[in-house]
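Participant: Submitted below is the structure of interest, expressed as structure tokens.
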Amino acid sequence: MLRKMKKLIPLSLAVGISTIATAETVTLKSLDGATSLSGEFLNFDGQTYTIRTIVGDLTIDAFQVTCEGDVCPTAVSDPSNFSISGDSNAVGKLFADLLFKFGIDIGGDTVTSLNPNGPAEVQLSNELGEELANITLKSNGSVQGLRDIFSGEASLAVLTRPITKEENAIFQLAGLGDLTSPEQQTIFALDGLVIITSKSNPLRAIAEQDLAKIFSGKVTNWAQIGGPSADINLYARDGTSGTGAVFNTLVMDPAGAKIADTASILDTDADVAKAVAADPLGISVTSLSDVGNAKVLAIRGVCGIQVPATPFTIKTEEYPLTRRLYTYRTNQELPAQLTRFLDFIDTEPAQNAIANDGFVDLGVSFQSNDEQGLRYLSAVLPTDVEMTLGQLRDMTANLMASDRVSITYRFELGSAQLDARAQDDIQRLAQMLSTGDFDNKEVLLIGYTDSIGGGTSNQRLSKLRAEEVRAALISALPGGGIEGLPIRAMGFGEISPLACNESKSGRNINRRVEVWLRDNVTVSQ
């Protein structure tokens, strides 16, 4: 869920504003006592004070001020102890870095204590050095993360896969809420699973249809896939790990295959990468953020389309082994500092930290039409796509002088409902367009489909999906739109596949609504 940040007014900026004096007047002072602001007390929600001044209502971060007045709460919050549990790399490295950035963001500090035989401990303090929270980071894996929030041993679970229907049902039966609801689930980053070998292996690419055969043990010699005549050494993660579960869902399960018993099962993605890098005959799957010294193989689809793993193709989810990273929490009240931290994760400093740690952030990226060569190659490669030269020309004419935005909308399977990430991205795009930085542009929302069904009906369906995104975007914009910023919906059906329609995952990738920004050029009369 993309949280709408409250517009907190720094106390230093609010000083000097005239106030309304009433019987419920309070004074908010900065922690160092250098600045203060008085106003009519309206509300305290555990994290922020809202006071009324002559220029309007102001919301102030309660953890950066003290409150003086008869109606002030007795205390903002006592120091709290809570745990974050889940994926080993995401919790142990990324969340430690995010908490450090969070400490800077609130003007405070963090001290991390590493324990070689146990979880890391992070102490969060404010600018005066007063303790706000003690946070335990448990790098136990995705399954244990869910177990810990179920038992109450952790307040937040971090997963590199979505929660399953069966797991969610257990939480619902226990009265702990629906973990897939926007209130309890957050998509905070992206990652890609990549196929890796040793750098000494001459192979550069691998066929998508061979992945399940290799990892199930049906293909056992490198010569069978164009390599040297030698046995393939398999390395893998356990199927309950985030990496193992996603790989099974995307590759093994559709083929009705299981990881071979001969595979060496390792504890972390980093361990897998180290083992494969040191083994000239090794192969495995790991996260893009944990490649280390191994070599990444390109994946070629059955129709010839080959999409590389790049931050842009992962943001658009066109790379076939893209995965989303999640946080989950129960419906129990969260510690105040954890709520603040979850709000912080959506901010630019946090997303920059995510990118610096090797994951793919949710920030918006742009790619010019000149960089869309794959789009035009893929339009002519497949033989199952109904397309005319006129349709291809029409699409090309619309995309000239345009930049593609990394935001790409997809829908729940078999539904007209935008999926969880798409709903967040409606808010993200609305916020981006509201900055005023896109004058003399027009927004193009372009729908595409897979090749199932007739070409004419797919063109109609693709435009309908684009119109649904347009309606959601306009309702999210202030005032129902922005003057001088046209938002157009169009559909091109199945003519621009970015994955092979022969596979289920490929069809899912091709059913999408893209966002483009086109220069709005006015010709003089």
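Derivation of every value follows stated rules applied to the coordinates shown; laboratory data play no part. None of the values given here were measured: they were computed from a predicted structure. Positions of Cβ are backbone-derived with ideal geometry, glycine not excepted, and every protein chain shown enters the neighbour counts.
Participant: Given Cβ point charges of +1 (Lys, Arg) and -1 (Asp, Glu) and nothing else, what value in debye, to the nearest 20, does the dipole of the chain about its Cα centre take?
Facilitator: It comes to approximately 1680 debye.
Participant: Let me ask another. Return T48, T456, T396 ranked ascending by Cβ neighbour count within 10 Å, so the fewest neighbours appear first. All intermediate terms of the calculation are to be shown ahead of the outcome.
Facilitator: Details: T48 20, T456 10, T396 14.
Taking fewest neighbouring Cβ atoms as first place, the list is T456, T396, T48.
Participant: Over the chain, what is the relative contact order in whole percent, taking alpha-carbon pairs under 8 Å and six or more residues apart?
Facilitator: RCO, the chain: 13 percent.
Participant: Between L389 and V523, what is 0.36 nm times their sequence separation minus the Cα-Cα distance? Round to one decimal in nm.
Facilitator: Difference between extended and current length: 45.4 nm.
Participant: What lysines sit close enough to K441 to cross-link, taking a C-alpha to C-alpha distance under 24 Å and skipping anything fewer than 8 places away on the same chain?
Facilitator: Excluding near neighbours in sequence, the set is K315, K463.
Participant: Got the relative contact order for the stretch 191-315 handy, in percent, Cα pairs under 8 Å and 6 or more residues apart? Mind showing how you got there, number by number?
Facilitator: Details: 227 pairs, mean separation 52.4, N = 125.
It rounds to 42 percent for the stretch 191-315.
Participant: To continue, here is another question. Once you have the Cα-Cα distance between E121 and A355, take 0.36 nm times their residue separation minus that, and quote the gain in nm to one decimal.
Facilitator: Length gained, E121 through A355: 81.9 nm.
Participant: Given H placed 1.01 Å from N in the peptide plane, which residues other than close sequence neighbours of R300 have an amide H under 5 Å from its amide H?
Facilitator: Correct list: I206, A207, E208.
Participant: Also, quick follow-up: Computed FRET efficiency, Cβ-Cβ of T396 and E24, R0 45 Å: what is it to the nearest 0.05? Show your work: numbers first, answer last.
Facilitator: Details: r = 64 Å, r/R0 = 1.42.
Efficiency, from the Cβ-Cβ distance: 0.10.
Participant: For the pair S181 and N221, what calculated FRET efficiency results from E = 1/(1 + (r/R0)^6), where r is the Cβ-Cβ distance and R0 = 56 Å, to the nearest 0.05? Please report the intermediate quantities before stating the final value.
Facilitator: Numbers: r = 49 Å, r/R0 = 0.87.
With a Förster radius of 56 Å, E is 0.70.
Participant: Considering every pair of different Cα atoms, what Kirkwood radius, in Å, is found for the chain?
Facilitator: About 25.4 Å, per the Kirkwood formula over Cα pairs.
Participant: With an 8 Å Cα cut-off and a minimum separation of 6 or more residues, compute the relative contact order for the stretch 366-519 in percent.
Facilitator: This gives 35 percent for the stretch 366-519.
Participant: Pull up the cross-link candidates among the lysines for K199, meaning alpha carbon to alpha carbon under 19 Å and not fewer than 8 places away within one chain.
Facilitator: Within reach: K274, K295.
Participant: Can you give the extra length, in nm with one decimal, that the chain gains between E130 and S151 once fully stretched, where that is 0.36 nm per residue apart less the Cα-Cα distance?
Facilitator: 4.6 nm
Participant: Could you list E166, E24 in order of exposure, starting from the residue whose Cβ has the fewest other Cβ atoms within 10 Å?
Facilitator: Taking fewest neighbouring Cβ atoms as first place, the list is E166, E24.
Participant: Mind checking the dipole of the stretch 366-519: about its Cα centre, +1 per Lys or Arg Cβ, -1 per Asp or Glu Cβ, Debye to the nearest 20?
Facilitator: That gives a dipole near 280 debye.
Participant: Looking at the stretch 194-246 from every direction and averaging, what is the projected area of its Cα convex hull in nm²?
Facilitator: 3.9 nm²
Participant: If the reach is capped at under 22 angstrom between alpha carbons, list the lysines near K218, excluding any in the same chain fewer than eight residues apart.
Facilitator: Hits, sequence-local ones excluded: K258, K504.
Participant: A further question follows. Per the Debye formula with a single identical scatterer at each Cα and no solvent contribution, what log10 I(q)/I(0) holds for the stretch 366-519 at q = 0.15, 0.18, 0.21 Å⁻¹?
Facilitator: -0.76, -1.09, -1.43
Participant: Give the Rg (one decimal place) followed by the Dmax (whole number) of the stretch 205-352, computed from C-alpha coordinates and expressed in Å.
Facilitator: That works out to 17.9, 59 Å for Rg and Dmax.
Participant: Please compute the modelled spin-label separation between D109 and I474, points set 7 Å along Cα→Cβ, answer in nm with one decimal.
Facilitator: 5.4 nm
Participant: Moving to a separate point now. Modelling each spin label as a point 7 Å along the Cα-to-Cβ direction, I'd like the K504/F312 distance in nm, to one decimal.
Facilitator: 3.1 nm
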